[in-house]
Structure formats: C-alpha cells, structure tokens
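Structure record follows, encoded as structure tokens.
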Amino acid sequence: MTSTPAFVPGLAGIPAVESSISFIDGQVGILEYRGIPIEVLAEHSTFEETAYLLLYGSLPNEAELNRFRGRLSARRKLPDRLIETLRLLPGAGHPMLALQVGISILGMHSQRVNLKDRESMENAAIKIIGSLPSLVAAFERARKGLDFVQPKDGMDTAEAFLWMMSGEEPASVAVRALDAALILHAEHTMNASTFTARVVASSESDPYSVCAAAVGSLKGPLHGGANERVLDQLEAIGEAENVRPWVEERLSHKGKVMGFGHRVYKTKDPRSKVLQKLGNQVFEKLGGTPMYELALELEKVMEEKVGAKGICPNVDFFSGLLYQKLEIATDLFTPIFAIARCSGYMAHWMEQMPNNRIFRPTQVYQGAREARYVPMSERK
Ligand code: SDX
C-alpha cells in the first residue's frame, strides 16, 4: 500500500528542483550566485557580468563580457509595432501587467525557439533580458503621452533604463546604485516566481510564456510587489511617533508589515543590508529623505516586537527608498525587480530543459465522491 505524503502548505521546505545557480543560508543570512557572495558582486561586478554568470555558470573574460554586453544592447531596440501596441494599453493599468503583455508580444515577434539547441535558447534568453528595460520604459513614456527614447549604443542596462525613462543622461551615482540593485535582485533560488517559471518551462512552453508567467507571480504583494507597498506603508504612517502604535495595531490582528519576513531568512536579508548601504551613498550625494528615518524607526520597533521570531527586513524594505530618490514612480519598483530577476528566470529555464520532466504534483482531495447529479428542477 502506498502512503500519501503529508500536505505541506506553501510547499515549505520541499525541494522542487536540483540547481547550481544560487545558494541561501537563511539562518546566517548568506546569498551566493554560482558560489560568489552577493556582497562581492554588488561591489565589484555589473548587472551584465552577473547575468552572464547566472546564465553560463562562470564569470566571463573581457572578450566574452563585451560580446554579451553588445548582444544585450542590440536587443534593447524594440520593433516599432511593439511600441505602437504598448501605446494602446490603458495608461492607468499596472506596469507589471503591461510588462506581461509586452513580453508576450515580443514572443509573437520572435522565431520559434528550439529547446534542443543551446544556441537558440541563449539567443532567446538574451533577447528577453535585453528587451525588458525597454518594455518598461516604453510603457512609462507611452502612459505619459511621450515618445519612446531609443537606447544609445554602449549603455549598459542601468544607464540605458534611466536614459530611456527620462531622455536625460543619468548621474553616475544613480547608474551605479541601480546597477548594484539589479545585481541584488537577479536571482534567489526557488522563490514563487522562479518556481512559476520552472513550472511553465516544464511543459516545454516557450521562454516568453515562461517569463510572462513569472512576472505575474512576482507582481503579488507577498512577493516582489511588496516593494511598492513599503512606500505606501511609510506614507500612511507619516511620522516617527506613529510607528509604534501603527505596528501594534497591525500585529494585533495578525496583519503583515510589508518589507518584513521571509520564508527562508530568519535574520536580516543580506540584500537589504547592501541596499541600505547603497541608499545611504545615494542620499549623501543626492540629498536625504525623511522616509529613511521613518524606515529605521519601523525596523527598530519590528525588531523589538517580532525580531525574536526571525521576522526581519527583506529585500523589498529599502529598495523603494532608493528608487524614489532616483525619481522612479512607485509602481515601477516591481518592474525593476522583474528586469533584474528575468536573468534568474532564464538561467533556471536553461538549467532545466536538458533534464526536463513536467511538474505534476499530487493533491490531498477533500471533496465529495460519487455525488448525485441533481436535475435543475429539483435544485433550490
Ligand atoms: C520576496 O521567497 C523568496 O525568495 C522571495 C524574495 C525573492 O528574492 O524572490 O526574497 C522576494 O518576495 C520578499 C518578501 C516580500 N514580501 C513581503 O514583504 C510581505 C510581508 N511578508 C510576509 O507576508 C511573509 O513574511 C512572507 C510572504 C514573505 C513569507 O511568508 P511565510 O513563510 O508563509 O510566513 P507566514 O506568512 O506563514 O508567517 C509565519 C509567521 C506568522 O505568525 P504566526 O501565525 O506564526 O504567529 O510570521 C508572521 C505571521 O503572521 N509574519 C509576519 C510577517 N511575516 C511573517 N508578521 C508581520 N509582518 C510580516 N511581514
């Protein structure tokens, strides 16, 4: 007789894949991409180099990196018809939905990907990673009634994104901070959206569908969508003296404080430490924000109330304050997360396909059996 495995809500602690892409120690607060600590990558690497590391498994030499940068840069130029289609979307809609649409249209403008051919897969992955910043910027410009700003050759992702959004040369401190933030958001083991990507990939669907579905998962406020909610939350709190009563009220009815808690980390998320440092560097150069003082007070009160339960700041807690200083609209914070995380999704897609098996878990059925079909005339 076979026994049914116990049901674990949220599949907590259940391994869904074998992977060599990233590693987390949630007790100590360690995150590594291909074995390299993210603190080191955030300080010394670039988003392009990190994306290469995730996709190919090792750091590129100079020639490899330059070629990869060139290929990404070439993909930032969007087909005119795609830009026109983005213009037709309702400007009041959420940019994450626009991004899902944009990725799907990109797929419609693309050749069929051969899942047995590594080169065909690489081309598609580079096309998607290269296009995402342009899709977000194109929607942002379109909803403001502005023309798309074509990317310039030689600009890497962070600089190109800020340029395409505003049409102005961004400050180097802003480019460096955004570049590091993209590195920190690029990959994170079996989070909900990467798992979504793996599930869609497992049916041998195309990478555009893989990425669009993952973006849908990332949008939720329990996942990547928390970064914009953190700012809403700080705005709602308003003053430092309101923090304590606000937290007490929220915790009293088991409400969630956005930007805190994590399934894996039981200590402060290592990415939030680097983002906090980056934020401070940006505030020094571009001016501070009273919201930061409020965030520190919130962290202090949360530590006092629930720190012992391992509920600490996560990656979404400080990122919004940084993006706000870069004059990025709040509803674009999660799309920035998606621009970065797409490199992780594509790395997982490429890792999975050579040894793929379709995901097909089971369930614990709790409904009726052999029920009677009640004719309409007998129904109340
Ligand atoms: C990301 O998984 C990843 O790797 C994700 C991510 C990535 O890079 O991909 O790191 C990105 O999604 C970061 C998380 C962003 N979300 C938020 O900031 C939303 C607020 N956080 C929570 O909703 C929550 O902590 C989760 C969703 C992140 C994790 O949920 P779990 O593991 O299912 O934990 P849970 O909801 O079951 O909570 C366990 C306990 C509960 O208390 P008890 O019933 O045991 O008494 O902890 C409490 C919860 O009430 N708790 C919180 C809390 N998070 C957990 N209480 C108040 N505020 C919180 N934020």
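Measuring nothing but how far apart in sequence close Cα pairs (under 8 Å, 6+ apart) lie, relative to its length, the chain scores a relative contact order of 23 percent.
For a modelled paramagnetic label at L222, 7 Å from Cα along Cα-to-Cβ, the residues of segment 244-259 in reach, with backbone nitrogen under 16 Å, are 254-259.
Largest accessible area first, the residues H348, H94 order themselves as H94, H348 under a 1.4 Å probe with ligands, DNA and RNA left out.
Would you work out the Kirkwood radius for the chain? I mean one over the mean of 1/r across all pairs of different Cα atoms, in Å.
22.0 Å
On a per residue basis, segment 236-293 carries 57 Å² of accessible surface, using protein heavy atoms and a 1.4 Å probe.
You can think of it this way: the chain between R369 and R244 has 39.9 nm of extra reach, that is 0.36 nm per residue less the Cα-Cα gap. FRET efficiency for the Q27 to Q281 pair, using the beta carbon distance and R₀ = 35 Å, is estimated at 0.75.
For segment 98-216, relative contact order (Cα pairs under 8 Å, six or more residues apart, normalised by length) works out to 32 percent. Ligands, DNA and RNA left out, the 1.4 Å accessible surface of segment 226-325 is 49% carbon and sulfur atoms.
Choose one of V28, G13, T334: the residue whose Cα lies farthest towards the positive end of the charge dipole of the chain (beta-carbon charges +1 Lys, Arg; -1 Asp, Glu; about the Cα centre). Toward the positive end, the furthest listed residue is G13. When the helices of the chain are scored as -39500 (n - 2.57) per DSSP H run of n ≥ 4 and the total is divided over every residue, the value at 222 nm lands at -18000 deg cm²/dmol. Accessible area per residue for segment 148-187, computed on protein heavy atoms with a 1.4 Å probe, is 33 Å². Length, then width, then depth: along the principal axes, the Cα atoms of segment 226-325 run 39, 30, 21 Å. Shape of segment 139-193 from the C-alpha gyration tensor: oblate (a/c of 1.5 or more and a/b not above b/c, with a ≥ b ≥ c the square roots of its eigenvalues).
For K152, no residue has an amide H sitting under 5 Å from its own, ignoring neighbours fewer than 5 places away on the same chain, with H placed 1.01 Å from N.
For segment 242-251, backbone phi angles converted through the Karplus equation (6.51, -1.76, 1.60; θ = phi - 60°) give residue-by-residue couplings of 7, 4, 4, x, 5, 5, 4, 5, 5, 5 Hz, Gly and Pro being listed as x.
Share of segment 16-126's accessible area from carbon and sulfur, percent, 1.4 Å?
About 50 percent, which is the carbon plus sulfur part of the accessible surface.
The H on the amide N of T267, modeled in the peptide plane, is under 5 Å from the matching H of no residue at least 5 residues off or on a different chain.
Under the 0.36 nm per residue contour assumption, what length would be gained going from the current alpha-carbon distance of A6 and S205 to full extension? Full extension of this stretch gives 68.6 nm more.
What is the distance in Å between the Cα centroid of segment 1-37 and that of segment 229-275? Each part reduced to its Cα centre gives a spacing of 25 Å. Each residue, E84 and N114, gets one label point 7 Å from its Cα in the Cβ direction; the gap between the two is 3.2 nm.
Rounded to the nearest Hz, the phi-derived 3J(HN,Hα) couplings of segment 269-280 under the Karplus curve 6.51 cos²θ - 1.76 cosθ + 1.60 (θ = phi - 60°) are 4, x, 5, 5, 5, 5, 5, 5, 5, 4, x, 4, where x marks glycine and proline. Based on Cα contacts under 8 Å between residues 6+ apart, segment 226-325 shows a relative contact order of 46 percent. A dipole drawn for segment 226-325 from +1 and -1 charges on Cβ atoms has a positive end, and of V243, N280, A226 the residue lying farthest that way is A226.
In order along segment 355-363, phi translates into HN-Hα couplings of 10, 6, 9, 4, 6, 8, x, 10, 9 Hz, rounded to whole numbers, per the Karplus curve 6.51 cos²θ - 1.76 cosθ + 1.60 with θ = phi - 60° and x for Gly and Pro.
Here r is the Cβ-Cβ distance between V173 and R360 and R0 is 56 Å; the resulting FRET efficiency, rounded to 0.05, is 0.70.
The values are calculated or read from the model by the stated rules, or taken from the named source; none is laboratory data. For clarity, every value in this text was computed on a predicted model and none was experimentally measured. All Cβ positions, glycine included, derive from the backbone under ideal geometry; neighbour counts span all protein chains shown. Protein only, heavy atoms only, side chains kept; ligands, DNA and RNA dropped before computing areas. Shrake-Rupley method; radii C 1.70, N 1.55, O 1.52, S 1.80 Å.
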